[in-house]
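Student: Handing you a structure now.
The values are calculated or read from the model by the stated rules, or taken from the named source; none is laboratory data. These numbers come from a predicted model, not from an experiment. Because the Cβ atoms are built from the backbone with ideal geometry, glycine has one as well, and the counts that use them run over all protein chains shown. Accessible surface areas use protein heavy atoms only, side chains included; no ligands, DNA or RNA. Shrake-Rupley method; radii C 1.70, N 1.55, O 1.52, S 1.80 Å.
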Amino acid sequence: MLGRVLVTALVVAMLVGAVVALRDQDWSLVGTLAQGHSAGWFALLLAASFLVISVGLVLGLLSWRALLVDIGGPVGGWASARIFFVAFLSKFIPGKLWALPAIIQMGRMERVPPVRMAAVFLFSTIIVNLSGLTVGAAAGPAVLGGRAWWLVLAAVPVLAFLLFPGLINQAAGTVARLLRRPSSMRVTDRGMRRAIGAQTVSWMVSGHHVWLLAVAAGAPPGRSYLICVAAFSLATVSGVLVVIVPDGVGVREAVLVLALATVLPLPVAGVVALASRLICTLSEIVVGGGWLLAAHLAVRRRAAHAAVGPFTGAESDQVGETDRFRETDPIPPARLGGTTAH
């Protein structure tokens with residue numbers, strides 16, 4: 001009961017945070033960027049920006065699901081989405097660890113032990129940040145100048161885990177021995193590579209919305225492409241690492257402006273950075289909130305069918321019904337050791 005209250009309270013806090021985030025956006029920036037463009041062309045630009053952010057978000061879900069299924073066991077597609085988007089949308093609440101108790105409780109509902117749920121959260125956070133810094137290294141010189149060399153260090157563990165995924169198991173075993181705790185958790189090579197690959201592509205895809213906005217503002221398409229795409233991931237991770245600011249507000253824009261100023265006048269770079277924040281916030285709330293609502297309803301339907309049972313209530317039939325709904329989730333559940341995690 002206490003766990004459900006915690007999850008409900010977190011969701012309410014996320015809704016309040018999302019409303020505040022939307023209220024605080026400077027919507028006049030849309031009009032500023034639209035100047036000099038036809039209404040149809042600008043609407044197409046906004047739609048394309050919204051689309052690439054949405055695709056990046058879905059790729060992030062696939063990265064999370066690859067780890068969840070690999071570490072936690074066969075969890076249904078809708079259940080995976082519900083847990084992911086609760087963790088994701090908690091970014092609108094100040095602080096970074098509010099989601100952890102809630103997703104641990106949600107993991108219990110799916111028979112995922114708390115220690116494994118915490119491991120998924122930890123490994124996913126590491127992969128998100130390291131892959132973001134790795135992609136962002138391409139924009140490092142534009143932002144940090146000669147001090148950008150340290151960003152290359154973020155690529156070392158990413159490449160190591162791609163080439164030798166078993167290293168993560170060795171590291172986890174070492175920590176368990178130091179803590180004198182048993183460690184039965186194992187991440188498969190396939191699961192780790194899929195998680196890293198999906199998240200890296202997610203960063204690359206999402207950054208294209210900055211390039212679209214920059215070109216609309218007058219940036220040279222060729223010279224600005226790599227800087228814009230890479231700077232988005234570098235700026236976002238920089239904001240994430242500042243834990244006291246909700247969603248890295250201010251920090252992300254400062255880093256993005258530094259990169260964009262190499263291809264745009266400084267005032268225009270500021271407009272593009274703020275417009276990026278507005279479009280990201282809107283798309284994350286619409287897409288993330290829509291997925292979360294759909295996933296919650298799907299999980300509730302599955303639970304209701306499992307509780308009633310299709311026949312006279314025999315326990316074996318209830319279990320079979322639950323498995324049937326897991327197998328027909330729109331995101332097919334993967335199994336340890338074999339089936340593809342989409």
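Student: Out of the residues in the range 282-309 meeting the condition of being small (Gly, Ala, Ser) and surrounded by fewer than 15 Cβ atoms within 10 Å (Cβ to Cβ), tell me which one is nearest to Ala13 (Cα to Cα). Break it down into steps so the answer makes sense when it comes.
Tutor: First, the residues of the range 282-309 that are small (Gly, Ala, Ser): 283, 288-290, 294-295, 298, 303-304, 306-307, 309.
Checking the rest, the ones that are also surrounded by fewer than 15 Cβ atoms within 10 Å (Cβ to Cβ) come to 290, 303-304, 307.
Numbers: Gly290: 17, Ala303: 25, Ala304: 27, Ala307: 30 Å.
Only one residue fits best here, namely Gly290.
Student: Looking at the range 141-151, can you tell me whether even one residue there is among the basic types (Lys, Arg), surrounded by 15 or more Cβ atoms within 10 Å (Cβ to Cβ) and part of a helix (DSSP H, G or I)? Walk me through it before giving the result.
Tutor: Of all residues in the range 141-151, those among the basic types (Lys, Arg) come to 147.
Those left that are additionally surrounded by 15 or more Cβ atoms within 10 Å (Cβ to Cβ): none.
Taking every residue of the range 141-151 in turn, none turns out to be among the basic types (Lys, Arg), surrounded by 15 or more Cβ atoms within 10 Å (Cβ to Cβ) and part of a helix (DSSP H, G or I).
Student: Give the residue, chosen from Val5, Val55, that is modelled with pLDDT of 80 or more, among the β-branched types (Val, Ile, Thr), more than 14 Å from Gly289 (Cβ to Cβ) and open to solvent by 20 Å² or more (accessible area, probe 1.4 Å).
Tutor: Working: Val5 fails: modelled with pLDDT of 80 or more.
So the residue among Val5, Val55 that is modelled with pLDDT of 80 or more, among the β-branched types (Val, Ile, Thr), more than 14 Å from Gly289 (Cβ to Cβ) and open to solvent by 20 Å² or more (accessible area, probe 1.4 Å) is Val55.
Student: Report, by residue number, each residue of the range 80-116 that is surrounded by fewer than 23 Cβ atoms within 10 Å (Cβ to Cβ), under 16 Å from the mean Cα position of the chain (by Cα) and either at pLDDT 90 or above or part of a loop (DSSP other than H, G, I, E, B) (or both).
Tutor: Correct list: Ile93, Lys96, Leu97, Trp98.
Student: Please enumerate the residues belonging to the range 197-236 that are of a type in the set (Gly, Ala, Ser) and over 14 Å from Ala259 (Cβ atoms).
Tutor: Of all residues in the range 197-236, those of a type in the set (Gly, Ala, Ser) come to 197-198, 202, 206-207, 214, 216-219, 222, 224, 230-231, 233, 235.
Selection gives Gly197, Ala198, Ser202, Ser206, Ala216, Gly218, Gly222.
Student: Going by the structure shown, is Leu264 under 16 Å from Ala142 (Cα atoms) and either part of a loop (DSSP other than H, G, I, E, B) or open to solvent by 40 Å² or more (accessible area, probe 1.4 Å) (or both)? Can you show your working first?
Tutor: Numbers: under 16 Å from Ala142 (Cα atoms): yes; either part of a loop (DSSP other than H, G, I, E, B) or open to solvent by 40 Å² or more (accessible area, probe 1.4 Å) (or both): yes.
Spelling it out, Leu264 is indeed under 16 Å from Ala142 (Cα atoms) and either part of a loop (DSSP other than H, G, I, E, B) or open to solvent by 40 Å² or more (accessible area, probe 1.4 Å) (or both).
Student: Moving on. For Leu159, indicate whether it is more than 16 Å from the chain's Cα centre (by Cα), in a helix (DSSP H, G or I) and at pLDDT below 75.
Tutor: Numbers: more than 16 Å from the chain's Cα centre (by Cα): yes; in a helix (DSSP H, G or I): yes; at pLDDT below 75: no.
When the stated conditions are applied, Leu159 does not pass them.
Student: Please go through the range 172-200 and give me each residue that is modelled with pLDDT under 75, open to solvent by 30 Å² or more (accessible area, probe 1.4 Å), closer than 14 Å to Phe123 by Cβ and in a helix (DSSP H, G or I), ordered by number.
Tutor: Correct list: Val175 only.
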